[in-house]
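The values are calculated or read from the model by the stated rules, or taken from the named source; none is laboratory data. Just so it is clear, the model here is predicted, and its values are computed rather than measured. A quick note on method: Cβ atoms are made from the backbone with ideal geometry, for glycine too, and the neighbour counts reach across all protein chains shown. When the accessible area is computed, the model is the full protein with side chains, heavy atoms only, and any ligands, DNA or RNA have been set aside. Shrake-Rupley method; radii C 1.70, N 1.55, O 1.52, S 1.80 Å.
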Amino acid sequence: TPVFGATGYSVTYQVNGQSYEGYFISPSDRAPFVILIHDRDGLTGYEIKRANMLAEMGYAVFALDLFGAGIRPTEIKDKRQHTGELYKDRAKMRALMKGAMNAAKNKGADIDNAVAFGYCFGGAAVLELARSGADLKGFATFHGGLKTPQGQDYSNARGKILIMHGSADQVITMDQFAGLAQELESAGVDHEMVTYGGARHAFTVFGSSRYQEAADKESWKRFSEFLKDKLKN
(Lines give C-alpha, C1' and ligand atoms only; values in the text may rest on other atoms or scores of the structure.)
Protein backbone atom coordinates (compact mmCIF):
# COMPACT_ATOMS: atom_id res chain seq x y z
CA THR A 1 0.00 0.00 0.00
CA PRO A 2 1.44 3.42 -0.91
CA VAL A 3 2.48 5.57 2.04
CA PHE A 4 1.66 9.21 1.30
CA GLY A 5 3.43 12.11 2.93
CA ALA A 6 6.12 9.78 4.26
CA THR A 7 9.54 8.60 3.20
CA GLY A 8 9.83 6.67 -0.02
CA TYR A 9 10.28 2.93 -0.29
CA SER A 10 11.70 0.39 -2.70
CA VAL A 11 9.38 -1.34 -5.16
CA THR A 12 10.30 -4.68 -6.67
CA TYR A 13 8.56 -5.32 -9.97
CA GLN A 14 8.81 -7.73 -12.88
CA VAL A 15 9.43 -7.06 -16.57
CA ASN A 16 9.55 -10.07 -18.91
CA GLY A 17 10.24 -12.44 -16.02
CA GLN A 18 13.13 -10.42 -14.55
CA SER A 19 13.10 -8.58 -11.22
CA TYR A 20 13.80 -4.85 -11.01
CA GLU A 21 13.91 -2.61 -7.96
CA GLY A 22 12.77 0.99 -8.18
CA TYR A 23 12.07 3.69 -5.59
CA PHE A 24 8.69 5.36 -5.11
CA ILE A 25 7.76 8.41 -3.08
CA SER A 26 4.56 10.43 -3.10
CA PRO A 27 3.54 13.36 -0.89
CA SER A 28 -0.17 12.89 -1.62
CA ASP A 29 -2.75 10.94 -3.54
CA ARG A 30 -2.90 12.08 -7.21
CA ALA A 31 0.24 14.23 -6.97
CA PRO A 32 1.69 15.18 -10.38
CA PHE A 33 4.05 12.39 -11.42
CA VAL A 34 7.73 12.41 -12.36
CA ILE A 35 9.69 9.45 -13.75
CA LEU A 36 13.41 9.53 -12.94
CA ILE A 37 15.96 7.48 -14.94
CA HIS A 38 19.36 6.76 -13.41
CA ASP A 39 22.85 7.19 -14.83
CA ARG A 40 25.23 4.34 -15.64
CA ASP A 41 25.79 3.55 -11.92
CA GLY A 42 22.25 2.20 -11.71
CA LEU A 43 19.69 3.43 -9.18
CA THR A 44 21.73 4.70 -6.22
CA GLY A 45 21.52 7.22 -3.40
CA TYR A 46 21.97 10.07 -5.88
CA GLU A 47 18.65 9.39 -7.63
CA ILE A 48 16.93 8.78 -4.30
CA LYS A 49 18.12 12.19 -3.09
CA ARG A 50 16.76 13.85 -6.24
CA ALA A 51 13.46 11.97 -5.88
CA ASN A 52 13.14 13.17 -2.29
CA MET A 53 13.88 16.76 -3.36
CA LEU A 54 11.02 16.54 -5.87
CA ALA A 55 8.66 14.97 -3.31
CA GLU A 56 9.29 17.97 -1.05
CA MET A 57 8.15 20.13 -3.98
CA GLY A 58 4.86 18.21 -4.20
CA TYR A 59 5.61 15.57 -6.86
CA ALA A 60 5.19 11.82 -6.80
CA VAL A 61 8.37 10.23 -8.16
CA PHE A 62 9.26 6.76 -9.39
CA ALA A 63 13.00 6.24 -9.84
CA LEU A 64 13.02 3.22 -12.10
CA ASP A 65 15.63 0.50 -12.54
CA LEU A 66 16.99 -0.41 -15.98
CA PHE A 67 19.68 -2.88 -14.85
CA GLY A 68 17.91 -5.36 -12.54
CA ALA A 69 17.36 -5.83 -8.81
CA GLY A 70 20.70 -5.75 -6.98
CA ILE A 71 22.68 -4.69 -10.06
CA ARG A 72 24.44 -1.45 -9.18
CA PRO A 73 27.77 -1.54 -11.05
CA THR A 74 30.82 0.18 -9.54
CA GLU A 75 33.52 -0.81 -12.08
CA ILE A 76 33.72 1.12 -15.36
CA LYS A 77 33.71 -2.09 -17.44
CA ASP A 78 30.52 -3.29 -15.71
CA LYS A 79 28.84 0.08 -16.19
CA ARG A 80 29.74 -0.08 -19.89
CA GLN A 81 28.44 -3.63 -20.15
CA HIS A 82 25.01 -2.80 -18.68
CA THR A 83 24.51 0.42 -20.61
CA GLY A 84 25.94 -1.11 -23.78
CA GLU A 85 23.47 -3.98 -23.66
CA LEU A 86 20.55 -1.55 -23.62
CA TYR A 87 22.05 0.78 -26.23
CA LYS A 88 22.24 -2.27 -28.52
CA ASP A 89 18.73 -3.51 -27.64
CA ARG A 90 16.45 -0.49 -27.87
CA ALA A 91 13.31 -2.66 -27.81
CA LYS A 92 14.38 -3.99 -24.39
CA MET A 93 15.12 -0.46 -23.14
CA ARG A 94 11.62 0.64 -24.19
CA ALA A 95 10.00 -2.43 -22.64
CA LEU A 96 11.78 -1.78 -19.33
CA MET A 97 10.59 1.83 -19.22
CA LYS A 98 7.03 0.79 -20.08
CA GLY A 99 7.13 -1.93 -17.41
CA ALA A 100 8.38 0.56 -14.82
CA MET A 101 5.56 2.97 -15.68
CA ASN A 102 3.06 0.15 -15.17
CA ALA A 103 4.64 -0.60 -11.79
CA ALA A 104 4.32 3.07 -10.82
CA LYS A 105 0.71 3.12 -11.98
CA ASN A 106 0.03 0.13 -9.71
CA LYS A 107 1.36 2.23 -6.81
CA GLY A 108 -1.12 4.99 -7.58
CA ALA A 109 1.04 7.23 -9.79
CA ASP A 110 -0.92 9.44 -12.18
CA ILE A 111 0.82 8.47 -15.42
CA ASP A 112 -1.55 10.69 -17.43
CA ASN A 113 -0.02 13.74 -15.73
CA ALA A 114 3.67 12.93 -16.00
CA VAL A 115 7.14 14.12 -17.03
CA ALA A 116 10.22 11.90 -17.46
CA PHE A 117 13.78 13.03 -16.79
CA GLY A 118 17.20 11.46 -16.49
CA TYR A 119 20.92 11.91 -15.96
CA CYS A 120 23.71 10.89 -18.40
CA PHE A 121 22.73 7.37 -19.58
CA GLY A 122 19.28 8.08 -18.11
CA GLY A 123 19.02 11.15 -20.32
CA ALA A 124 19.65 8.99 -23.40
CA ALA A 125 16.92 6.63 -22.14
CA VAL A 126 14.51 9.57 -21.71
CA LEU A 127 15.05 10.57 -25.34
CA GLU A 128 14.42 6.93 -26.35
CA LEU A 129 11.14 7.17 -24.43
CA ALA A 130 10.27 10.38 -26.28
CA ARG A 131 11.00 8.81 -29.68
CA SER A 132 8.84 5.80 -28.76
CA GLY A 133 5.81 8.11 -28.74
CA ALA A 134 5.18 7.86 -24.98
CA ASP A 135 2.27 10.15 -24.12
CA LEU A 136 3.92 12.28 -21.44
CA LYS A 137 3.75 16.02 -20.84
CA GLY A 138 7.50 16.47 -21.16
CA PHE A 139 10.97 14.93 -21.29
CA ALA A 140 14.08 16.45 -19.70
CA THR A 141 17.76 15.52 -19.64
CA PHE A 142 20.69 16.62 -17.51
CA HIS A 143 24.04 16.05 -19.30
CA GLY A 144 22.36 13.17 -21.12
CA GLY A 145 23.33 11.23 -24.23
CA LEU A 146 21.97 13.08 -27.28
CA LYS A 147 22.71 10.84 -30.27
CA THR A 148 19.78 9.38 -32.21
CA PRO A 149 20.30 5.71 -33.16
CA GLN A 150 20.38 4.85 -36.84
CA GLY A 151 16.91 4.30 -38.25
CA GLN A 152 15.16 6.33 -35.53
CA ASP A 153 13.71 9.83 -35.53
CA TYR A 154 11.42 12.13 -33.53
CA SER A 155 8.35 11.84 -35.77
CA ASN A 156 6.33 10.16 -32.96
CA ALA A 157 7.51 12.43 -30.14
CA ARG A 158 4.84 14.09 -28.00
CA GLY A 159 5.36 16.61 -25.22
CA LYS A 160 8.09 19.23 -24.88
CA ILE A 161 11.76 18.24 -24.70
CA LEU A 162 14.12 20.16 -22.38
CA ILE A 163 17.87 19.56 -22.75
CA MET A 164 20.29 20.90 -20.10
CA HIS A 165 23.92 20.48 -21.09
CA GLY A 166 27.37 21.67 -20.06
CA SER A 167 29.26 23.40 -22.87
CA ALA A 168 32.54 22.03 -21.45
CA ASP A 169 31.21 18.43 -21.70
CA GLN A 170 33.83 16.38 -23.57
CA VAL A 171 31.85 13.13 -23.36
CA ILE A 172 28.77 14.44 -25.17
CA THR A 173 30.00 17.16 -27.50
CA MET A 174 28.45 20.44 -28.57
CA ASP A 175 28.35 19.01 -32.11
CA GLN A 176 25.93 16.36 -30.84
CA PHE A 177 23.97 19.09 -29.04
CA ALA A 178 23.68 21.10 -32.27
CA GLY A 179 22.77 17.98 -34.24
CA LEU A 180 19.89 17.22 -31.89
CA ALA A 181 18.67 20.83 -32.12
CA GLN A 182 18.50 20.49 -35.90
CA GLU A 183 16.70 17.14 -35.67
CA LEU A 184 14.08 18.42 -33.24
CA GLU A 185 13.54 21.55 -35.29
CA SER A 186 13.09 19.66 -38.55
CA ALA A 187 10.69 17.21 -36.85
CA GLY A 188 8.63 20.13 -35.48
CA VAL A 189 9.11 18.99 -31.87
CA ASP A 190 8.57 21.59 -29.14
CA HIS A 191 11.95 21.90 -27.45
CA GLU A 192 14.25 24.05 -25.36
CA MET A 193 17.99 23.48 -25.15
CA VAL A 194 20.20 25.21 -22.59
CA THR A 195 23.97 25.19 -22.17
CA TYR A 196 25.92 26.07 -19.04
CA GLY A 197 29.35 27.63 -19.53
CA GLY A 198 32.28 25.80 -17.98
CA ALA A 199 30.09 22.86 -16.92
CA ARG A 200 31.59 19.46 -17.64
CA HIS A 201 29.90 16.08 -18.04
CA ALA A 202 28.00 15.05 -14.87
CA PHE A 203 27.95 18.66 -13.58
CA THR A 204 24.99 17.93 -11.27
CA VAL A 205 26.55 15.06 -9.33
CA PHE A 206 27.06 16.21 -5.73
CA GLY A 207 30.54 15.53 -4.35
CA SER A 208 32.03 14.69 -7.74
CA SER A 209 35.13 16.49 -9.07
CA ARG A 210 32.99 17.57 -12.04
CA TYR A 211 30.20 19.07 -9.92
CA GLN A 212 29.54 22.71 -10.79
CA GLU A 213 27.29 24.41 -8.27
CA ALA A 214 26.17 27.31 -10.51
CA ALA A 215 25.13 25.03 -13.38
CA ASP A 216 23.49 22.56 -10.98
CA LYS A 217 21.40 25.28 -9.32
CA GLU A 218 20.44 26.97 -12.59
CA SER A 219 19.45 23.72 -14.30
CA TRP A 220 17.43 22.53 -11.28
CA LYS A 221 15.63 25.88 -11.19
CA ARG A 222 14.80 25.60 -14.90
CA PHE A 223 13.64 22.00 -14.44
CA SER A 224 11.43 23.04 -11.50
CA GLU A 225 9.78 25.68 -13.71
CA PHE A 226 9.36 23.13 -16.51
CA LEU A 227 7.53 20.75 -14.14
CA LYS A 228 5.30 23.53 -12.84
CA ASP A 229 4.47 24.56 -16.38
CA LYS A 230 3.80 21.09 -17.75
CA LEU A 231 2.06 19.29 -14.87
CA LYS A 232 -1.39 20.04 -13.49
CA ASN A 233 -1.56 20.25 -9.72
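A few notes on this one:
- Computed accessible area, Ser10, all protein chains, 1.4 angstrom probe, square angstrom: 70 Å²
- Averaging the sequence gap over all C-alpha pairs within less than 8 Å and six or more residues apart, then dividing by the number of residues, gives the chain a relative contact order of 16 percent.
- Taking amide H atoms as placed 1.01 Å from N in the peptide plane, the amide H of Ala140 lies under 5 Å from those of Ala116, Phe117, Gly118, Leu162, each 5 or more residues away in sequence or on another chain.
- DSSP bridge analysis restricted to the chain gives an antiparallel fraction near 30%, rounded to the nearest 5.
- Heavy-atom accessible surface of the chain: percent carbon and sulfur, 1.4 Å: 46 percent
- Three-way shape call for segment 139-229 based on the alpha-carbon gyration tensor, with the a/c threshold at 1.5: oblate
- Of the residues Ile172, Ala104, Tyr119, the one whose Cα sits farthest toward the positive end of the charge dipole of segment 92-206, with +1 on the Cβ of Lys and Arg and -1 on the Cβ of Asp and Glu, is Ala104.
- Gyration tensor (alpha-carbon) shape descriptor, segment 50-99, a/c threshold 1.5: oblate
- Protection proxy ranking, highest mean first, for peptides 183-194, 134-145: 134-145, 183-194, where packing is the per-residue count of other beta-carbon atoms within 10 Å, averaged.
- Each residue of segment 9-18 is assigned a 3J(HN,Hα), and the resulting list reads 8, 7, 10, 8, 9, 10, 9, 6, x, 9 Hz, derived from the Karplus form 6.51 cos²θ - 1.76 cosθ + 1.60 (θ = phi - 60°), x at Gly and Pro.
- Within segment 168-233, chymotrypsin sites (Phe, Trp or Tyr not before Pro) in DSSP loop having at most 13 other beta-carbon neighbours inside 10 Å: Phe206
- Here the Karplus curve 6.51 cos²θ - 1.76 cosθ + 1.60, taken at θ = phi - 60°, turns the phi angles of segment 60-67 into couplings of 7, 9, 10, 8, 8, 10, 9, 9 Hz, with x standing for Gly and Pro.
- Maximal additional length on extending the Gln182-Ser208 stretch stands at 6.2 nm, based on 0.36 nm per residue less the C-alpha distance.
- Phi-based couplings in Hz for segment 219-231 (Karplus 6.51, -1.76, 1.60; Gly and Pro marked x): 5, 5, 4, 5, 5, 4, 5, 4, 5, 4, 6, 8, 9
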